[in-house]
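Notes follow once the structure below has been shown.
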Amino acid sequence: MTKTGLPEGIRACLFDLDGVLTKTAVVHAAAWKEVFDDFLQHREGADFRPFDKVADYDEYVDGRPRADGVRAFLASRGIELPEGSADDPPERDTVQGVGNRKNEILLEKIRTEGVEAYPGSVRYVNAVRAAGLRTAVVSSSANCRDVLVAVGIEDLFDVRIDGVVAAERKLPGKPNPDTFLEAAREFGLEAKAAVVFEDALAGMDAGRSGHFGYVVGVDRVGQADALRAHGADIVVRDLAELLEADA
């Protein structure tokens, strides 16, 4: 292993955003709960079964593009909505409308509550860059650049493949590996020369199916076993552990 805690031959690091670089996964979970609980209560009445911010979030929406998360969770409750269009108003009961409602809630929470980067992650990204490795952020979020700018770390990444870029290039989202593979291609590298850093089970699946050189699971919520089962080569609670382990 190198001084960055990674195997020899790795030339690029591909980082997920929410939960890996920034403390936004919990904000996403809260926004999803608010929008789904409101939707279910209006549809099913006071006896509705609420959205679980741990189990439902991890299984159906974490790491996925917004519309995919809407479809997956509602399907788990036996609900199918019309697709709608990307400019559907937030109050419209379509896949796109529910997704837009969630995004409104998310942005309001970020505006009022703020957002932070994980200090250990920033330290680690700086360390891998100092070691000569290329860095990319790979996120399903269409708000990725705004969050990077808000926490002051946009300049730490050579490539950004986010929800906006994925839509422009027609790349399927996680658990498909396409967005991570696109980041590796931007560096002119094969997947085996890149490492994926993810906290979501969908991201683990993407790392495994993309045959990347190494997959690091970041366990912020006590799901280390699930991360390993979905393809993590190693699981850490904070990226700085990779530096400390080497030391």
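This table checks each residue for (1) at pLDDT 95 or above; (2) open to solvent by less than 10 Å² (accessible area, probe 1.4 Å); (3) in a helix (DSSP H, G or I).
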{"residue": "Val165", "(1), (2), (3)": "yes, no, yes"}
{"residue": "Leu171", "(1), (2), (3)": "yes, no, no"}
{"residue": "Pro175", "(1), (2), (3)": "no, no, no"}
{"residue": "Phe180", "(1), (2), (3)": "yes, yes, yes"}
{"residue": "Ala184", "(1), (2), (3)": "yes, yes, yes"}
{"residue": "Leu189", "(1), (2), (3)": "yes, no, no"}
{"residue": "Val196", "(1), (2), (3)": "yes, yes, no"}
{"residue": "Gly203", "(1), (2), (3)": "no, yes, yes"}
{"residue": "Arg208", "(1), (2), (3)": "yes, no, yes"}
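For the range 141-183, filtered to residues that are touching a Phe, Trp or Tyr at 6+ places or on another chain (Cβ under 9 Å) and not aliphatic (A, V, I, L, M), the residue that is nearest to Lys102 (Cα to Cα) is Lys174. You will find that of Lys109, Lys102, the residue that is open to solvent by 30 Å² or more (accessible area, probe 1.4 Å), over 21 Å from Val216 (Cα atoms), charged (D, E, K, R) and in contact (Cβ under 8 Å) with a residue 12 or more places away in the chain is Lys109 and no other.
The set of residues in the range 18-77 that are among the basic types (Lys, Arg), assigned to a helix (DSSP H, G or I) and either modelled with pLDDT of 95 or more or surrounded by 21 or more Cβ atoms within 10 Å (Cβ to Cβ) (or both) comprises Lys33, Arg66, Arg71. When Ile153 is tested against (1) more than 21 Å from Ser121 (Cα to Cα); (2) open to solvent by less than 50 Å² (accessible area, probe 1.4 Å), just one condition goes unmet, and that condition is (1). Within the range 201-230, residues that are on the phi > 0 side of the Ramachandran plot reach partners that are open to solvent by 30 Å² or more (accessible area, probe 1.4 Å) with beta carbons closer than 8 Å, at six or more positions or on different chains, in the pairs His211/Lys192. Can you list residue pairs whose Cβ atoms sit under 6 Å apart, with the first residue in the range 73-86 being touching a residue at least 12 places away in the same chain (Cβ under 8 Å) and the second being open to solvent by less than 70 Å² (accessible area, probe 1.4 Å) and of a type in the set (A, V, I, L, M, F, W, C)? Count only pairs 6 or more apart in sequence or on different chains. Short answer, once both residue conditions are applied: Phe73/Val61; Leu81/Val95; Glu83/Val95; Gly84/Val95.
Taking the range 53-72 as the range and being within 17 Å of Gly19 (Cβ to Cβ) and either touching a Phe, Trp or Tyr at 6+ places or on another chain (Cβ under 8 Å) or without any contact (Cβ under 8 Å) to a residue 40 or more places away in the chain (or both) as the test, the residues that pass are Lys53, Ala55, Asp56, Tyr57, Tyr60, Val61, Gly69.
Candidates are the residues of the range 130-163 that are assigned to a strand (DSSP E or B) and of a type outside the set (A, V, I, L, M); the one that is nearest to Glu8 (Cα to Cα) is Arg134. If you go through the range 131-150 and keep only what is open to solvent by 40 Å² or more (accessible area, probe 1.4 Å) and under 16 Å from Asp62 (Cα atoms), you end up with just Ala142.
The values are calculated or read from the model by the stated rules, or taken from the named source; none is laboratory data. Just so it is clear, the structure is predicted and the values come from calculations on it, not from any experiment. When we count neighbours, we look across all protein chains shown, and the Cβ atoms used for this are built from the backbone with ideal geometry, even at glycine. The protein model used for the area step is the full one, side chains on, heavy atoms only, and it has no ligands, DNA or RNA in it. Shrake-Rupley method; radii C 1.70, N 1.55, O 1.52, S 1.80 Å.
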